[in-house]
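First up is the structure itself, then whatever we jot down about it.
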Amino acid sequence: WTLGDGVSSFDPELTSHTYGTWGTYELSLLIDNGHCNDQVIQVVEILAPPPVADFQGGGEGCAPVTIEFENLSEYGTNFLWNFGDGGVSANEEPVYTYYIPGTYTVSLLVTGPGGSDIAVRDTVVHVYPNSSAYFTANPDVVNTGDVVFFYNLSNQADEFEWDFGDGQFSTEVN
């Protein structure tokens, strides 16, 4: 027996063999009775398993937020990532930065010798808008004991903590 993967056997009752991977193998059986011989060849094709797409990664943060994705796919040779904001990558394990606030669905298309598979993760990335602190004081020059009004002009915030520098604090908007 010549089994097509570098293995040969003189066992006349060989009934099975395990191949290490998929592919096309040419098997050969050569017989001899001392005077005559014969040979038969047969081709066996072991199909590649279909790929299984899977990944981990995601998170949340204020823009810009950078996310590392871990590819857990099996039997894939090519990868196409769609990050949900128009960005794509063919890297096996990409690192991607989101600049625009929103909630994003990420998908991974995996192809290999056995076909293709897709994994989709809904709402895997949450990007929040950045807060912007700003205020004005009126008047900006006062005498001791005068009242100063502080006007909060901040954006994208719903909690405030004022520190007036004299040991006084406030959590009011203005």
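The values are calculated or read from the model by the stated rules, or taken from the named source; none is laboratory data. Please read all numbers here as calculations on a predicted model, not as lab measurements. Please note: Cβ atoms are built from the backbone with ideal geometry, for glycine as well, and neighbour counts cover all protein chains shown. The area values use the complete protein model at the heavy-atom level, side chains included, leaving out ligands, DNA and RNA. Shrake-Rupley method; radii C 1.70, N 1.55, O 1.52, S 1.80 Å.
Look at the dipole of the stretch 1-155 built from charges on Cβ: of Q39, F135, G61, the Cα furthest out on the positive end belongs to F135. In order along the stretch 60-72, phi translates into HN-Hα couplings of 8, x, 7, 5, x, 10, 9, 10, 9, 10, 10, 7, 9 Hz, rounded to whole numbers, per the Karplus curve 6.51 cos²θ - 1.76 cosθ + 1.60 with θ = phi - 60° and x for Gly and Pro.
Here the chain exposes an accessible surface that is 50 percent carbon and sulfur, computed with a 1.4 Å probe and the other protein chains kept in place. Rolling a 1.4 angstrom probe over the protein heavy atoms with all chains in place gives the chain an accessible area of 70 Å² per residue. Comparing Cα centroids, the stretch 94-115 and the stretch 120-157 end up 35 angstrom apart.
Rounded to the nearest 20 debye, the dipole size of the chain about its Cα centre is 360 debye, using +1 on the Cβ of Lys and Arg and -1 on the Cβ of Asp and Glu. Annotation: amide H of T77 within the under-5 Å range of T111, G112, sequence separation 5 or more or interchain, hydrogens built in the peptide plane.
Among beta bridges identified by DSSP and lying wholly in the chain, the antiparallel ones come to about 90 percent. Give the Debye-formula value of log10 I(q)/I(0) at each listed q (0.13, 0.17 Å⁻¹), with one equal scatterer per alpha carbon of the chain, two decimals each. Taking Cα atoms of the chain as identical point scatterers yields -0.83, -1.02.
Dividing the mean sequence gap of close Cα pairs (under 8 Å, 6+ apart) by how many residues the stretch 17-67 holds gives a relative contact order of 31 percent.
Taking other residues whose beta carbon is less than 13 angstrom from the beta carbon of Y25, and scoring Lys, Arg as +1 and Asp, Glu as -1, yields -3. Computed over neighbours whose Cβ is under 14 Å from that of I46, the net charge equals -3, Lys and Arg +1, Asp and Glu -1.
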